[in-house]
Amino acid sequence: MRVHRTRHGIVVDVDDGGRFLLTTLEWDALFRSSTSRTTILAALDGAEPFDHTLEPLAPIVSQEIWAAGVTWSRSRAARMEESEASGGSDFYDKVYDAERPELFLKATPHRVVGTGRPMLLRSDSRWIVPEPELTVAVSNDGRIFGYTIGNDLSCRDIEGENPLYLPQAKVFDACASVGPALVMRDEPLPEDTAIHMTIRRNDADVFVGEAPISRMKRTPDELVRWLCRHNSFPTGCLLMTGTGIVPPDDFCLQPFDKVIIAIDGLGELVNVMAAAPSA
């Protein structure tokens, strides 16, 4: 079941191929319910077919977005390389092997955009990269009930200068993109599910990469259990689970670059980069 947030309301693609508008259901209710699928099925009773252009919005209303770092071996290597000059590289090696994962607040709702919307490149960074990530929807009782795609835009030079600058490297206007929809599943995604990323500049592909989620060091369930320790989410949250696709060290996003992230079975998240006004 695929659930879209649109300007018309919640639109659902049911498993038999129909598409319906749920006029009696609010988005936050999906995250408050311990039985989200049952909630949707109840709202489908009497729902009318949806025949408008879909135009999805980011699948978030009042939810925070959190993120996990150094959950893939490639990500650990990249973080260590960028932090070597500052002497902080061993932090990333240690957290990769530690029991406790790295978790941080990535974005509040007003800093989040959906597919088709621009993301902003900080004017005080010279090394900005996209981070394609499997993103999970977590209910207010700490249960994964859906999956989507995330782009955790990151300023590698700011984080590499000093790990204490992580919030500035990660959190700013239009720093996160999620979508295009929530795919609701009772079971985890298959291990051979692959994440794909293409960066297009002037109609040419300047970077292409992919990685199966089987290469993740930690499972989404493990990350969510840590996230919910002494941490409450009254309307649930989204959690980006880390990246295994890292462009080469000489690559930096530029204005008008198009970033296309696809995950098998979840769709495609597309954003064009825009220059932020100078601070």
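The values are calculated or read from the model by the stated rules, or taken from the named source; none is laboratory data. Quick caveat, the model's predicted, so the values are computed rather than measured. In this analysis, Cβ positions are derived from the backbone assuming ideal geometry, glycine residues included, and neighbour counts consider all displayed protein chains.
For segment 44-71, a residue qualifies if it is without any contact (Cβ under 8 Å) to a residue 40 or more places away in the chain, surrounded by 14 or more Cβ atoms within 10 Å (Cβ to Cβ) and either under 21 Å from the mean Cα position of the chain (by Cα) or assigned to a loop (DSSP other than H, G, I, E, B) (or both), and exactly one does: Ala47. Across segment 1-12, the number of residues qualifying as free of Cβ contacts under 8 Å to residues at least 60 places away in the same chain and surrounded by fewer than 19 Cβ atoms within 10 Å (Cβ to Cβ) comes to 4. Quick one: would you say Ala194 is in contact with an Asp or Glu (Cβ under 9 Å, 6 or more places away or on another chain), in contact (Cβ under 8 Å) with a residue 12 or more places away in the chain and among the hydrophobic types (A, V, I, L, M, F, W, C)? The answer is yes for Ala194.
Is it the case that Val246 is part of a loop (DSSP other than H, G, I, E, B), within 17 Å of the chain's Cα centre (by Cα) and not hydroxyl-bearing (Ser, Thr, Tyr)? Yes, satisfied.
Quick check: is even one residue across segment 14-31 touching a residue at least 60 places away in the same chain (Cβ under 8 Å), under 26 Å from Leu239 (Cβ atoms) and over 21 Å from the mean Cα position of the chain (by Cα)? No: zero hits.
Quick grid of which residues meet (1) among the aliphatic types (A, V, I, L, M); (2) closer than 23 Å to Arg143 by Cα; (3) buried (at least 17 other Cβ atoms within 10 Å of the Cβ):
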| site | (1), (2), (3) |
| --- | --- |
| Asn202 | no, no, no |
| His230 | no, yes, no |
| Pro234 | no, yes, no |
| Ile245 | yes, no, yes |
| Leu253 | yes, no, yes |
| Val259 | yes, no, yes |
| Gly265 | no, yes, no |
| Met273 | yes, no, yes |
| Ser278 | no, no, no |
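The set of residues from segment 100-119 being surrounded by fewer than 17 Cβ atoms within 10 Å (Cβ to Cβ) and among the hydrophobic types (A, V, I, L, M, F, W, C) comprises Phe104, Leu105.
Entry remark, segment 26-43: residues being at pLDDT 90 or above and either assigned to a loop (DSSP other than H, G, I, E, B) or among the hydrophobic types (A, V, I, L, M, F, W, C) (or both) number 5 in total.
Quick one: which of Thr35, Thr39 is of a type in the set (Ser, Thr, Tyr), under 20 Å from Val138 (Cα atoms), free of Cβ contacts under 8 Å to residues at least 12 places away in the same chain and not assigned by TED's automatic domain parsing to the domain that holds Arg143? Among Thr35, Thr39, only Thr35 is of a type in the set (Ser, Thr, Tyr), under 20 Å from Val138 (Cα atoms), free of Cβ contacts under 8 Å to residues at least 12 places away in the same chain and not assigned by TED's automatic domain parsing to the domain that holds Arg143.
The criterion of being over 30 Å from Arg37 (Cβ atoms) and surrounded by fewer than 22 Cβ atoms within 10 Å (Cβ to Cβ) holds for Arg122.
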